[in-house]
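Have a look at the structure below, then the notes.
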Amino acid sequence: MPLSRTRLAALLGVGAVVVSALVGCSSGPGEGQACPAPSAAPAAELALLPSGLSFDGVGEVTRVTSTQGHVNARAVSTQPLEELTVSIQDAVTAAGFRPAGMDNEGFEAEVFFTSGTYAAGQALVRAADCEGQWEIDLVLVDPSQLPSATPSPTTS
């Protein structure tokens, strides 16, 4: 027995509601579901961080790599963005780098660092997939690759 147009339209409507409900149940983090805690980087990776650099009080370091004279670190934080940029500056300053400026757009921020007269790194902070979390991508020149801070002799 063929379905009437009215009955077919009603069944399609019910189907659309069911599909919408299922999609709503499978929403990702940041849409009402709890976000998993970030996993800490292994101790061997954390050992690659420059001496004196600690993200205690900043966020959870989730990955550290060292390539071509640079140290790269990823971290996740729940601090408000304005506080987070200052915490990053403090952490990197403790490792011997100097803050060289910041650009805060409200939805992302960049913090720049120097060592002596050299540009030595930056931290890029962006909103994470989970509401209230920020992802930090920190790139610093490996301190062992920086030229000595002693001034070179001048000739007269």
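What full-extension length gain, to one decimal in nm, is calculated for N104 and A119 as 0.36 nm per residue of separation minus the Cα-Cα distance?
Residue separation times 0.36 nm, minus the Cα-Cα distance, leaves 3.5 nm.
Give me the extension gain from T65 to A94: residue separation times 0.36 nm, minus the current Cα-Cα distance, reported in nm with one decimal.
Full extension of this stretch gives 8.5 nm more.
Coordinate-derived values only; no laboratory data. Note that the structure is a prediction, hence the values are computed from the model and not measured.
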